Amino acid sequence: MRHLVFVEPGRLEWQDAPDPEPGPGQAVVRPLAVARCDLDAAMAGFGIFPGPYPVGHEIAGEVVAVGDGVSHIEEGQRVTVPFQVSCGRCTPCTGGRYAACDPYYARAGAAFGFGESGGGHGGGLADLLLVPDADHLLVPAPESIGDVALATVPDNLIDGYRTVVDALRERPGADVLIVGGDAPSISLYTILCAQALGAGTVRYADNDPQRLAAAADLGADVIDVGTQFPRRLDRAPIVVGASLSVEGLHCAIRSTEPYGRLTVVTIHFSAATPLPMLEMYTRGITLHTSRADSRRYLPEVLELVATGTIDPLEVPTTKVDWEDAADHWLDPALKLVITR
């Protein structure tokens, strides 16, 4: 088989690899469409994790083989693949914290398409992908969802969904503020999810004309912050931080209402990232930052997409042919999907 491999920053190439054979509890999936996560471009462009490794972790595919003991997944079934690898049996998994699965612990979190930093699992841009614990991990795909839309669900759409779902259950109809600047597809999917879940006003702050225009087309009230983020914006009870800059992070913190909830979806790699702790303390702000828990939210997000409540393709989506993936994986795009 072939898979697309990150070799060094800015360089990807198709390489040959042995065909995987499913062992007990495992399945082999043929990817049909693979979406580029907002992190993928940075991983391949700047070498955040050491290569070489096969890329791609937002995967829609078809099961082509199953190992002994697999009883819920069948050959020929179309499925979506959670980007995080989990067993479904350990203490974190049985508590619904699949992203913290003990047996599959990895430095960057167990995941497809991250190389050894993600536990050494394969990548989605491959002829075949070996999936462990297939009965737990693989989720059958509703017939009404096409391959391109399906590929957007396992990571970035779920990432947008998790930023607002619990907060809106606690505070139905609350306003939502998204402080953008980075994580473009997650930010835009958050708008769709907030609207679908009954949020009040949804605001989107950024300085990029393309992202601002896309957010406005999705129905958000847009705020052009110009050359730098202000100290704060009008406060909201639910805030999503999607900026990599310290100024954007601080703006998001200060724009959160007293006793409000801020979810930060970007990764701040510096251990010295400053936080205005006194302001957070005096206003009782909850700041949550983590990877999205793909397997936890996958069934409910698939239901929302299947019923047409959320249409991920409302976010501008660039489709690229499978054979051209190496040439276009680093192209600028709000959302990029490689499809057969």
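All of the numbers you see were taken from the coordinates with simple rules; none came from a lab. Note that the coordinates shown come from a computational prediction; the quantities given were computed from them, not determined experimentally. Backbone-built Cβ (ideal geometry, glycine too); neighbour counts: all protein chains shown.
For the pair Asp16 and His72 in one chain, pulling the backbone fully straight at 0.36 nm per residue adds 17.1 nm over the alpha carbon distance. Taking Lys and Arg as +1 and Asp and Glu as -1, the other residues whose beta-carbon sits under 15 Å from that of Pro54 total -4. Shape annotation for segment 138-250: C-alpha extents along the principal axes are 46, 30, 24 Å, from largest to smallest. Once you order the gyration tensor axes a ≥ b ≥ c over the Cα atoms, which shape class does the chain get: rounded for a/c under 1.5, otherwise prolate or oblate by comparing a/b with b/c? Prolate is the answer for the chain, as a/c is 1.5 or above and a/b outweighs b/c.
Give the percent of DSSP beta bridges with both residues in the chain that are antiparallel, rounded to the nearest 5. So the antiparallel bridges amount to about 55 percent of the total.
GNM on the chain, alpha-carbon springs under 10 angstrom: the most fluctuating residue among Asp38, Asp19, Asp311 is Asp19.
What chymotrypsin sites (Phe, Trp or Tyr not before Pro) does segment 235-311 have in DSSP loop regions with at most 12 other beta carbons within 10 Å? Passing both the DSSP loop test and the Cβ count: Phe269.
Cut-off 10 angstrom, C-alpha nodes, Gaussian network model of the chain. Which of Ala252, Ala213, Ala199 fluctuates the most? Residue with maximal mean-square fluctuation among Ala252, Ala213, Ala199: Ala213. Computed from backbone phi with θ = phi - 60° and the Karplus coefficients 6.51, -1.76 and 1.60, the 3J(HN,Hα) list for segment 124-129 is x, 7, 8, 5, 9, 9 Hz; x is used for glycine and proline. When the helix-only estimate is applied to the chain (DSSP H runs of n ≥ 4, each -39,500 (n - 2.57), divided by the residue count), what is the mean residue ellipticity at 222 nm, nearest 500 deg cm²/dmol? That calculation yields -6500 deg cm²/dmol at 222 nm. Taken as Cα centroids, segment 1-69 and segment 102-152 sit 8 Å apart, rounded to the nearest whole angstrom. Shape descriptor for segment 227-315: Rg over Rh equals 1.05 (Cα atoms; Rh from the Kirkwood inverse mean 1/r). For His288, His3, His57, His72, the sequence from fewest to most other C-beta atoms within 10 Å is His72, His288, His3, His57.
Oblate is the label for segment 1-117, because the ratio a/c of its alpha-carbon gyration tensor axes (a ≥ b ≥ c) is 1.5 or higher and a/b is not greater than b/c.
Cβ crowding within 10 Å, taken as a proxy for footprinting-reagent exposure, orders Val305, Val176 from fewest neighbours to most as Val305, Val176.
Relative to the Cα centre, the charge distribution of the chain, modelled as +1 at Lys and Arg Cβ and -1 at Asp and Glu Cβ, gives a dipole magnitude of about 1280 debye.
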